[in-house]
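The structure appears right after this line, and notes come after that.
The values are calculated or read from the model by the stated rules, or taken from the named source; none is laboratory data. Computed from a predicted structure; not experimentally measured. Every residue, glycine among them, receives a Cβ derived from its backbone with ideal geometry; neighbour counts consider all protein chains shown.
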Amino acid sequence: MKNLVLVISIFLLSACQKEESNQFNLDTSFSMSVLDKNNNDLLNPNNNNSFKEENIKILYLIDGEKIEVNKPMLDYPKGFRIFEHENEYRIAIFPNNESILKFPITYIIWNSTERDTIKCEIQGTDKSEICKKIWYNGALTWDSSENKERFFEIKK
């Protein structure tokens with residue numbers, strides 16, 4: 001009987017040990033709406049002057065070189081997606097997290113003449129990468145300390 005109690009006790013104690021998690025939290029994406037000076041939605045495909053999804057490219061600055069995002073195994077292989085949100089269209093950007101830099105750079109190529117620069121502050125650990133701030137063309141446009149959705153609006 002003592003052996004049975006000992007075996008059950010060992011089993012119960014081993015079941016209570018803390019398990020190591022191999023999960024990684026990647027929380028860096030953001031979204032934005034893009035309007036012209038007359039507040040026309042430049043992401044709405046029904047707008048004749050809108051940016052065409054097939055022309056948009058995302059590039060990451062890696063080791064001084066601009067690399068176009070092309071990851072066919074991902075849900076959004078070009079590093080972005082355009083979606084409808086309430087009464088507007090938005091673009092979700094999956095910014096550069098390819099380097100160990102605290103402030104990686106992402107470029108948005110809208111068409112052959114228009115491009116923008118995104119700089120994010122990434123807070124990283126061995127288990128996570130979280131976007132804390134976003135600069136759009138050098139201007140701080142989003143800050144996590146404001147405790148709101150990672151979204152902003154731009155005018156073109």
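A few comments on the model shown:
- Residue check, residue 47 touching a Phe, Trp or Tyr at 6+ places or on another chain (Cβ under 8 Å) and outside any strand (DSSP E or B): no
- If the condition is being modelled with pLDDT under 95 and either touching a Leu at 6+ places or on another chain (Cβ under 6 Å) or of a type in the set (A, V, I, L, M) (or both), then the range 99-117 contributes 100, 101.
- Among residues of the range 99-136 being among the acidic types (Asp, Glu) and outside any strand (DSSP E or B), the one that is farthest from the chain's Cα centre (by Cα) is 114.
- Conditions (1) free of Cβ contacts under 8 Å to residues at least 24 places away in the same chain; (2) touching a Leu at 6+ places or on another chain (Cβ under 6 Å): number failed by residue 72: (2)
- Listed conditions (1) closer than 30 Å to residue 130 by Cβ; (2) polar (S, T, N, Q); (3) modelled with pLDDT of 95 or more; (4) not in a strand (DSSP E or B) are all met by residue 31, apart from (4).
- Test for residue 80: is it touching a strand residue (DSSP E or B) at 6+ places or on another chain (Cβ under 8 Å), at pLDDT below 85 and either under 20 Å from residue 138 (Cα atoms) or not small (Gly, Ala, Ser) (or both): no
- Filtered residues of the range 142-151 (kept if surrounded by 11 or more Cβ atoms within 10 Å (Cβ to Cβ) and either part of a loop (DSSP other than H, G, I, E, B) or free of Cβ contacts under 8 Å to residues at least 24 places away in the same chain (or both)): 143, 144, 150
- Top-ranked residue of the range 42-62 - restricted to ones that are in contact with a Leu (Cβ under 8 Å, 6 or more places away or on another chain) and among the hydrophobic types (A, V, I, L, M, F, W, C), ranked as farthest from residue 156 (Cα to Cα): 51
- Hey, residue 100 in contact (Cβ under 8 Å) with a residue 40 or more places away in the chain and either among the polar types (S, T, N, Q) or out of contact with any His (no Cβ under 8 Å at 6 or more places or on another chain) (or both) or not: no
- When the range 107-140 is filtered for residues that are surrounded by 12 or more Cβ atoms within 10 Å (Cβ to Cβ), within 20 Å of residue 81 (Cα to Cα) and among the hydroxyl-bearing types (Ser, Thr, Tyr), the ones remaining, listed by number, are 107, 117, 136.
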